[in-house]
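Here the structure is laid out as structure tokens; the discussion comes afterwards.
Readers should treat all values here as calculations from the given coordinates under stated rules, not as data from a laboratory. Only a predicted model underlies this, so the values are computations on that prediction, with no experimental measurement involved. As a convention, Cβ positions derive from the backbone with ideal geometry for all residues, glycine included, and neighbour counts pool all protein chains shown.
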Amino acid sequence: MTISDWFTDACITSGMLRALRRIGPGGVIIADLFRHDYRVIHAQAIAPDQGRTQFIVYGHHDLTHDLRAFRRDYGHRFWEELVAAVDCTAFDCMDDQLNDITATGYVVTRMRQHLRRYDLDLTAVPRYRDKRLRPGGLVATRRTVTDRYAYRPAPSITVTVTSPVDEKTGALSLITIADRGRHVTGWPTRMGNQFTAAHQAHRVSEAIQAYLRRTSA
């Protein structure tokens, strides 16, 4: 039996996606391993120590992106097709997602916690992928995860952090800040431990405040 077997009778419904839309940035659909069901909540309500029993399967940012694509591809049937696609994808990817969560290093987890303290809420499902180390050469990859955040006091501001799943590789992370999809600033950094993660989270907060001061002057 796999974890996804616990969710055979659960489904993501049209009502859940409508609730997610109402919550706005920071809204997420989680899989709750204790309840064997999905729930719509604000990411702020996920306790830091529950990352492996309550995990995000879909977020407001994902919904905003998918709505545009499904309207274009399915016309008046876009909503029913979207609901079915989100439900199937969440279920089909669940076991792989849990494997990735289990393999995620301490620094990534701490960075999420630090950014949360600066009013930055996860607003999309974390995207795990293999990064090719030598383009065009022999297959050699490194597992990375991309987290997308919305800044609670000004949700048009988003932060994206792409990091190696295993910090012991010493690979660089990439942090970018945008406003309404337009690039504001960003930088590569190496986060080898929780202390450098805390410093980078503080740097993100300072960059956002500096941008808000410039644009409100």
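3J(HN,Hα) couplings calculated from phi for the range 148-153 with the Karplus curve 6.51 cos²θ - 1.76 cosθ + 1.60 (θ = phi - 60°) are, in sequence order, 10, 10, 10, 7, 4, x Hz; Gly and Pro show x.
Around the Cα centre of the chain, unit charges on the Cβ atoms of Lys, Arg, Asp and Glu (plus for the first two, minus for the last two) sum to a dipole of about 1080 debye. Applying both filters, DSSP loop and at most 14 other Cβ atoms within 10 Å, to the chymotrypsin sites (Phe, Trp or Tyr not before Pro) of the range 1-109 gives Phe34. Note on Rg/Rh (Cα atoms, Kirkwood Rh): of the candidates [x] 0.94; [y] 1.01; [z] 0.97, the value calculated from this structure sits at [z]. In the chain, a dipole from Cβ-located charges (positive for Lys and Arg, negative for Asp and Glu) runs towards its positive end, and of Thr189, Met94, Leu82 it is Thr189 whose Cα lies farthest in that direction. Counting charges near Cys93 (Lys, Arg +1; Asp, Glu -1) among other residues having Cβ under 13 Å from its Cβ returns a value of -4. The magnitude of the dipole of the range 17-88, with charges of +1 and -1 set on the Cβ of Lys/Arg and Asp/Glu and taken from the Cα centre, is near 260 debye.
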